[in-house]
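K.L.:
Please see the structure below; I have some questions.
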Amino acid sequence: MKTRRFDFNFRPLQLNITISVDGSVPDRQNYNADTDEYTPDYTLAALILQPRVSLLDKNEIVAPGNVNSLLANVKWYEIVGGTRTLIEAANTDYEITASGGQAGRIKVMKNAQPNIPITLEFYAEYVDSRTGQVSVIHATHIVKCGNATAYMPDLVLDAADQTIYNPINDPDTQAVHASLRTGAAECATANRQFVWEVLRANGTFTALGSDNSDYWASVSSDGTTCTVNRKLMGSGQIVRCRAKYDPDGNPGGVTLTDAAPQAVVAFVRRIPKFEYDYALPVNIPAGLLQMYPEIYIWDVNGPIDNPEAVLLPIWYIGTNQASGTPSSYAQVSHGYNPVIPTSYLSTLYGAVVGLDVKDPGPLVPWKNSDGKVFKDADGKIFLIK
């Protein structure tokens, strides 16, 4: 009897989230200092935000559609002036629906300060019913309040809010250009000054280039362009650009606040699904000490060029048995030109050769057991995979 092992190889669920305004009350206010009035006033008519989470299972096991009713650990955070606070049940400024078909729904019953936005951060968890794996769902929504007596320009970046970097096919560097506009017109260069920042591990933004770990990006001399080397950025980075604006031509004298024109870009390293296979000799001649298998790697676009720059093949072999699978496998080689010893072959039953192709991960700083980074005599950081 011939047998073949069958394993489930589920593709990751594709979770999508949107946060939209539910009802007629908009998520943008205006404040009139002359009359001390908000339009609209959320203390009188609440703003309602509804996250909508849907999934797509490419294995077609889990039905597609909305999964709000299956969300767990639903939370909202309020971020004002750089301070992040968990919204608890006792907070009378908000009302959160934690379960059911409208899980995640939040009523906002407080007004934002003029030109100081409220960033509402949504958090929830979804358990994959196929594998039991927990997926974290995270999204933000900004509630702004404009000053009816003043008009701030808009800062625009020529990059998507989330930029996916595929190290197999995409170029390593990406230049992001900033533009400050009043309506359709670009603000005068003398009236604006751009400041680029990066989100640190402690959850705060600081100036890009202020730390020696910012080797992955540089800012042009005029401040309008930030060039990101995505090969060196690790698994991802979040970059913020803010503008100092002064219509009288003195932007250097402006103090940056959360009300300043700003835009954020998240760079994410992600390798799409790929396939691989390998070829071995059909028969092993007597006296042959080594085998030299060939590997093939491809994705939806066809054979991958130069896969060795990103992907690492790992080769295993296990001595076969009269029945069943080998009791154990030993790693015998790695790379694209492996040498597999035939000493593992049983003279009666042969052997089983296994291959696993892994992403070793991005380049990251090399650290010792205490978490300290290794540097050379010039203070430059050593990078490893």
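K.L.:
Can you sort Met291, Met152, Met233 by how many other beta carbons sit within 10 Å, fewest first?
P.N.:
Met152, Met291, Met233
K.L.:
Could you run the Karplus curve 6.51 cos²θ - 1.76 cosθ + 1.60 with θ = phi - 60° over region 261-266 and give me ³J(HN,Hα) per residue in whole Hz, x for Gly and Pro?
P.N.:
Each residue's phi maps through the Karplus curve to give x, 7, 8, 10, 10, 9 Hz.
K.L.:
Relative to a virtual label point 7 Å from the Cα of Thr182 in the Cα→beta-carbon direction, which members of region 253-289 show backbone nitrogen distances below 15 Å?
P.N.:
Only 261 fall inside the zone, counting backbone N under 15 Å.
K.L.:
Quote the charge dipole size of region 106-213 about the Cα centre in Debye, to the nearest 20; the model charges only the Cβ of Lys and Arg (+1) and of Asp and Glu (-1).
P.N.:
Value, rounded to 20: 520 debye.
K.L.:
Still on this structure: Identify the chymotrypsin sites (Phe, Trp or Tyr not before Pro) of region 303-345 meeting these criteria: DSSP loop state and at most 15 other C-beta atoms within 10 Å of the C-beta.
P.N.:
Tyr336
K.L.:
Would you mind checking Lys75/Lys358; Lys110/Lys244; Lys273/Lys372; Lys273/Lys358 for any pair whose Cα atoms are more than 23 angstrom apart?
P.N.:
Lys75/Lys358; Lys110/Lys244; Lys273/Lys372
K.L.:
Work out, step by step, the length gained on full extension between Ile116 and Ser69: first 0.36 nm times the residue separation, then minus their alpha carbon distance; give nm to one decimal.
P.N.:
Here the segment from Ile116 to Ser69 would lengthen by 13.6 nm.
K.L.:
Oh, and also: Magnitude of the Cβ-charge dipole of the chain, K/R +1 and D/E -1, about the Cα centre, nearest 20 debye?
P.N.:
With only Lys, Arg, Asp and Glu charged at Cβ, the dipole is about 1040 debye.
K.L.:
Would you mind pulling out the separation of the Cα centroids of region 180-195 and region 83-132, in Å?
P.N.:
34
K.L.:
Something else: At 7 Å along the Cα-to-beta-carbon direction for both Phe374 and Val127, put a label point, then send me their distance in nm to one decimal.
P.N.:
About 4.3 nm, to one decimal.
K.L.:
Here's something else I'd like to know. Can you tell me the FRET efficiency between Thr227 and Ala139 if r is taken as the Cβ-Cβ distance and R0 is 22 Å, rounded to the nearest 0.05?
P.N.:
Numbers: r = 28 Å, r/R0 = 1.27.
Plugging the Cβ-Cβ distance into 1/(1 + (r/R0)^6) gives 0.20.
K.L.:
Please work out whether region 128-232 counts as rounded, prolate or oblate from its C-alpha gyration tensor, where a ≥ b ≥ c are the square roots of the eigenvalues and a/c under 1.5 means rounded, while otherwise a/b larger than b/c means prolate and anything else oblate? It would help to have the intermediate numbers written out before the result.
P.N.:
Numbers: a/c = 2.00, a/b = 1.35, b/c = 1.48.
Oblate shape, in that a/c is at least 1.5 and b/c is the bigger or equal ratio.
K.L.:
Cα centroids of region 286-322 and region 201-258: how far apart, whole angstrom?
P.N.:
The distance from the Cα centre of region 286-322 to that of region 201-258 comes to 43 Å.
K.L.:
Next up: How charged is the neighbourhood of Thr255? Take every other residue with its Cβ under 12 Å from the Cβ of Thr255, and add Lys/Arg as +1 and Asp/Glu as -1.
P.N.:
Summing Lys and Arg as +1 and Asp and Glu as -1 gives 0.
Each reported figure results from applying straightforward, stated rules to the coordinates on display, with no laboratory input. None of the values given here were measured: they were computed from a predicted structure. For neighbour counting, all protein chains shown are included, and Cβ atoms are generated from backbone atoms with ideal geometry for every residue, glycine included.
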